[in-house]
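Student: Below: one structure in structure tokens.
The values are calculated or read from the model by the stated rules, or taken from the named source; none is laboratory data. On a predicted model such as this, the values are computed, not experimentally measured, just so you know. Cβ sites come from the backbone with ideal geometry, for glycine too, and all protein chains shown count toward neighbours. Ligands, DNA and RNA are excluded from the accessible area calculation, which covers all protein heavy atoms including side chains. Shrake-Rupley method; radii C 1.70, N 1.55, O 1.52, S 1.80 Å.
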Amino acid sequence: MRVQHISKHIHHKPILADIDFSVEPGSIIGIVGRNGSGKTTLLRSLAGILTPTRGSVYIDGIDIFKHPEIKKQIIFVPDSTEALKNYSTKELIYLYKNIYPEFDTSYLFSLMKRFKLSQISKIGNYSKGQKALFTLITAFATGASYILLDEPTDGLDVIVKKQVLQLLVEEVSDRRLAVLISSHRLDELEFMVNEVIFIKQGKVDSHYELDTMKNQYKKIQLAFAEKMPEALENEIEILDKTGKVYTVLIPRGNSLLEEKISDSRPLFYEELPMSLEDYFVAKLGGPDDV
Amino acid sequence: MMFNKALWFQNYKQSKFLIWILLALFVVQMPLQAILSVESWQERSERTAYSEEYVYEVQAWDIMQIFSQGMFTVFLAAAIVIFASLLIGLERNTRRSDFTFSLPYSRSSLFLAKWALGSTAVGVFFIMNFLPAYFIIYQSEFREALSLVSSIEIFWAPLLGYIFFFSFSLLVGSITGEMVSQIVLTFIFGFLPIIIFTLIQEFMQVHDFFLFHIGSQPRWIEYATPFFYAAGSMGSLPGVIAAVVFTAVCLWGGTVLYTKNNLEYNGEFLMFKKLNPVFVVLLTVMISFFGGMIVSSLAPWGADALRILSYWIGFTTFMLFALLIIRRLIKMNIIFSGRAV
């Protein structure tokens, strides 16, 4: 999938600006951004729901807006099952079989059995967790190559969340699918995604493979006899400060900065493991209201 | 693509309630009304048998009440508007629209599938009920009454009239952002020519200022008023031709506009923001003239100056309210979003 220079204006305000990236089969990509950054608008544009003001989305070089039939390869799973709540499982299977020619009913039933989902006369009667699992399973059963998930674990309990994440990882590795996930839950994404796209004010702020990204920064804990020297404070990203103990983020390989830290004679210096959340705070500014 | 199985099933699921109501209304309008009418004609005819001066005859009007006119046509027109609003408007109010538009179909296919389902339901139900109703009258002693009406009056005009009115409701749905605005604007536009004519006529009468001769309503006003097609007032060849032409225009226009919809405006009054000023002006002017008409009707007929004064008081008051309400309407956003899974 090629997302080519997508821009979207809503009520004359730019919501997305020149978003450009590619998605390769077999990858799980996390779309991360603060509230209102344009994540859902981006996913809805990739599904062909919203028409971009400029740019387009291509699958195998075919424009999804000019040739919507190519969207058989995309399935969008919103954060709500509102659209399907009145269907029975049987009706939904009938509907999907007629939309997606490669819909695999036996695969659907095998996964329903695995997750103890019985056939039901109204999908709206499933519990919240069951609905999440069922929509995910049906999405995989469509045979689509690109699965777009909007906040797939929002409001789920720990057990279901674990099942959802496990299913995602299994399916991607078994079937060379590509999954794009928009989520606030950076801790969950971290164990799942291999690429992260950071959206800031409607633009791609950065797009990295997770490992590359983690190697860009170094998270360290420092303690000073007094407070951190002001000159140093201006140059590094402080993640946390408790008394005289600081947790900071510095670009890896910046020897000049490391020298400055060493010159400031901290009482304590220890490198900590980097998390996606640390990077998020550093890149998108502030842990509040994420 | 108009007859895509998946889209038919999806559209049927979201409107089946109204589809069955529509069938019930057609059953009551035609076969049931035919049975009851034949019974009542028999009773009247028996009563008049004792009178020497009076002979009871079924009139063309009686037959048309069963097939193409009367209060059931109004109920059916209302049901058709709601049917169209379930297919387009309600979809925009809920998250169903995201599901529909993410499917691998062109937007024109989505629109045409809605039209095909609605028109087929209206057409099939109409024919299904027309035939037994016709047979009931045909096998009764009032068979001759059927020769008083033409097939255009009782079959083609109502059938094509309902289909046109449904197509018209879908066309309005292609520019409105949600269900209530679709229903309200379908009714406003459904009567628009006659409303404008009445308002202008009343304005001229109050001010004793005549741009044109006030007489009975010209026939072309009826041809231009979509509601009359559903109410069975177009029982003539030009009326039937107009219904076919207008259906084609609505279908073409609806498909083009639906294709150009920006779904981020779902839930708002109109999908096309450029139309907002046009609607604000049109609705405000109409409501203001209506206000003038209402308030001036309270003044005594002889007091000309008082009538003119009360007309403008009504006009101004209604204009102020219209501006306040319509500005809110334009800014509204109604989305019933089911929360997370």
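Student: When Rg is the radius of gyration of the Cα atoms in segment A:174-290 and Rh is its Kirkwood radius, what does Rg/Rh come to?
Tutor: 1.03
Student: Normalized C-alpha radius of gyration of segment B:136-236, against 2.2 N^0.38 Å?
Tutor: Normalised by 2.2 N^0.38 Å, the Cα Rg of segment B:136-236 equals 1.43.
Student: Of A:ALA141, B:LEU103, A:ILE99, which is farthest along the charge dipole of the protein assembly as shown in the positive direction, counting Lys and Arg as +1 and Asp and Glu as -1 at C-beta?
Tutor: Checking the options against the dipole of the protein assembly as shown, the answer is A:ALA141.
Student: So, with a 1.4 angstrom probe, what is the percent of accessible area on segment A:14-97 that is carbon and sulfur?
Tutor: Carbon and sulfur together cover 49 percent of it.
Student: Follow-up. How big is D for chain B, in µm² s⁻¹ as a whole number, if Stokes-Einstein is applied with the Kirkwood radius of its Cα pairs at 4 °C and 1.567 mPa s?
Tutor: The diffusion coefficient I find is 58 µm²/s.
Student: Can I ask one more? Counting only protein heavy atoms, probe 1.4 Å: which residues of segment A:82-97 lose 50 Å² or more of accessible surface in the full assembly compared with their chain by itself?
Tutor: At a threshold of 50 Å² (probe 1.4 Å), the residues of segment A:82-97 that become less exposed are A:GLU82, A:ALA83, A:TYR87, A:TYR94, A:LEU95.
Student: Ratio of alpha-carbon Rg to the 2.2 N^0.38 Å globular estimate for segment A:63-114, to two decimals, please.
Tutor: 1.31
Student: For segment B:261-275 and segment B:88-145, compute the distance between their C-alpha centroids and round to whole Å.
Tutor: Result: 26 Å between the Cα centres.
Student: Name the residue farthest towards the positive end of the dipole of chain B from the options B:ILE308, B:SER68, B:THR176, assuming +1 on Cβ of Lys and Arg, -1 on Cβ of Asp and Glu, about the Cα centre.
Tutor: Comparing the listed Cα positions along the dipole, B:THR176 ranks first.
Student: About the Cα centre, and with charges only on the beta carbon of Lys, Arg (+1) and Asp, Glu (-1), how big is the dipole of chain A? Nearest 20 debye, please.
Tutor: 1200
Student: In Å², what does the accessible area per residue of segment B:207-295 work out to with a 1.4 Å probe?
Tutor: For segment B:207-295, the per-residue accessible area is 47 Å².
Student: By how many degrees, 0 to 90 and rounded to 10, does the Cα axis of helix A:105-114 deviate from the longest principal axis of chain A?
Tutor: Roughly 60 degrees between the two axes.
Student: Please report how many Lys pairs in chain B have alpha carbons closer than 27 angstrom, counting only residues at least 8 apart along the chain or sitting on separate chains.
Tutor: Lysine pairs meeting both conditions in chain B amount to 15.
Student: Shifting gears a bit: Which parts of segment B:258-292, residue by residue, lose 30 Å² or more of accessible area when the rest of the protein chains are there, as against the chain isolated (1.4 Å probe)?
Tutor: Buried-area filter returns B:LEU263, B:GLU264, B:TYR265.
Student: Return one number: the angle in degrees, 0 to 90 and rounded to the nearest 10, between the long axis of the Cα atoms of helix A:89-99 and the longest principal axis of the Cα atoms of chain A.
Tutor: The angle comes out at about 90 degrees.
Student: Let me ask something else about it. Suppose we keep just the DSSP beta bridges with both residues in chain A; what percent of those would be antiparallel, to 5?
Tutor: Bridges in chain A that DSSP calls antiparallel: roughly 65 percent.
Student: If one computes P(r) from the Cα atoms of segment B:219-333, what percent of pairs lie at distances over 23 Å?
Tutor: Beyond 23 Å sits 57 percent of the P(r) for segment B:219-333.
Student: Among A:MET192, A:ILE220, A:PRO152, pick out the residue whose Cα is farthest towards the positive end of the charge dipole of segment A:151-229, where Lys and Arg carry +1 and Asp and Glu carry -1 on C-beta, about the Cα centre.
Tutor: Looking along the dipole axis, the top candidate is A:ILE220.
Student: Using only the alpha carbon atoms of segment B:190-249, find the Kirkwood hydrodynamic radius as the inverse mean reciprocal pair distance, in angstroms to one decimal.
Tutor: 12.7
Student: Continuing with the same structure: Rounded to the nearest 500 deg cm²/dmol, what is the calculated helix-only ellipticity per residue at 222 nm for chain A, with -39500 (n - 2.57) per DSSP H run of length n ≥ 4?
Tutor: After summing the helix terms and dividing by the residues of chain A, the value is -9500 deg cm²/dmol.
Student: To continue, here is another question. Quick check: at a probe of 1.4 Å, how many percent of the accessible area of segment A:171-230 sits on carbon and sulfur atoms?
Tutor: Taking all protein chains in place, segment A:171-230 shows 42 percent carbon and sulfur surface.
Student: With a probe of 1.4 Å, find how much accessible area segment B:34-163 has per residue, and write the answer as a whole number in Å².
Tutor: For segment B:34-163, the per-residue accessible area is 42 Å².
Student: Of all the Cα-Cα pairs you can form in segment A:1-132, what percent are over 17 Å apart?
Tutor: 67
Student: Still on this structure: Taking both sides together, what accessible area is buried at the A/B interface, probe 1.4 Å, expressed in Å² and rounded to the nearest 100?
Tutor: 3000
Student: Turning to a different aspect of this structure: Would you mind getting the accessible area per residue of segment A:7-132, heavy atoms of the protein chains only, 1.4 Å probe, in Å²?
Tutor: I get 43 Å² per residue for this part.
Student: Continuing with the same structure: Run the dipole for segment B:150-269 about the Cα centre, Lys and Arg Cβ at +1, Asp and Glu Cβ at -1, nothing else charged, and hand back the magnitude in debye, nearest 20.
Tutor: The calculation lands at about 280 debye.
Student: Right, next: For chain B, which whole-number percentage of the solvent-accessible area (1.4 Å probe, protein heavy atoms only) is attributable to carbon and sulfur atoms?
Tutor: 72
Student: Give the span of chain A's Cα atoms along each principal axis, as three whole-Å numbers ordered largest to smallest.
Tutor: Result, largest extent first: 70, 43, 34 Å.
Student: Taking only the C-alpha atoms, wrap a convex hull around segment B:224-272 and report its volume per residue in Å³ as a whole number.
Tutor: Dividing the Cα hull volume of segment B:224-272 by its residues yields 86 Å³.
Student: Right, another one. Counting alpha carbon pairs within less than 8 Å and at least 6 residues apart, what relative contact order, in whole percent, applies to chain A?
Tutor: For chain A, the relative contact order is 21 percent.
Student: To continue, here is another question. Work out the P(r) tail for segment B:1-90: percent of alpha carbon pairs separated by more than 20 Å, whole number.
Tutor: 54
Student: Turning to a different aspect of this structure: Where does helix A:158-175 land angle-wise versus the long Cα axis of chain A, in degrees 0 to 90, nearest 10?
Tutor: Helix A:158-175 sits at roughly 80 degrees to that axis.
Student: Quote the charge dipole size of chain B about the Cα centre in Debye, to the nearest 20; the model charges only the Cβ of Lys and Arg (+1) and of Asp and Glu (-1).
Tutor: Result for chain B is approximately 2000 debye, rounded to the nearest 20.
Student: By accessible area of protein heavy atoms, probe 1.4 Å, what ranking do A:TYR208, A:TYR87 get, highest first?
Tutor: A:TYR208, A:TYR87
Student: Please sort B:311-322, A:263-274 by packing, taking for each peptide the average over its residues of neighbouring beta carbons within 10 angstrom, highest first.
Tutor: B:311-322, A:263-274
Student: Using the Kyte-Doolittle scale, which helices in chain B average at least 0.5 and also have C-alpha atoms spread 20 Å or more along the helix axis, with helices defined as whole DSSP H runs?
Tutor: B:5-27, B:71-87, B:107-138, B:157-173, B:179-207, B:237-259, B:276-296, B:304-331
Student: While we're here: At each listed q (0.12, 0.14, 0.17 Å⁻¹), what is the log10 of I(q)/I(0) that the Debye formula gives for segment B:1-157 modelled as equal alpha-carbon point scatterers?
Tutor: Evaluating at q = 0.12, 0.14, 0.17 Å⁻¹ gives log10 I(q)/I(0) of -0.62, -0.75, -0.95.
Student: What share of the DSSP beta bridges in the protein assembly as shown is antiparallel, in percent to the nearest 5?
Tutor: Once the DSSP bridges in the protein assembly as shown are tallied, antiparallel ones form about 65 percent.
Student: So, in Å, what gap is there between the alpha-carbon centers of segment A:139-206 and segment B:1-68?
Tutor: 56
Student: Mind computing the radius of gyration and Dmax over the alpha-carbon atoms of segment B:76-142? Å is fine for both.
Tutor: Cα only, segment B:76-142: 17.4, 58 Å (Rg, Dmax).
Student: For the protein assembly as shown, with equal point scatterers placed on the C-alpha atoms only and solvent neglected, what are the log10 I(q)/I(0) values from the Debye formula at q = 0.06 1/Å, to two decimals?
Tutor: -0.48
Student: Residues of A:153-160, mean number of Cβ from any other protein chain within 10 Å of their own Cβ, rounded to a whole number?
Tutor: Across the residues of A:153-160, the mean count of other-chain Cβ atoms within 10 Å is 1.
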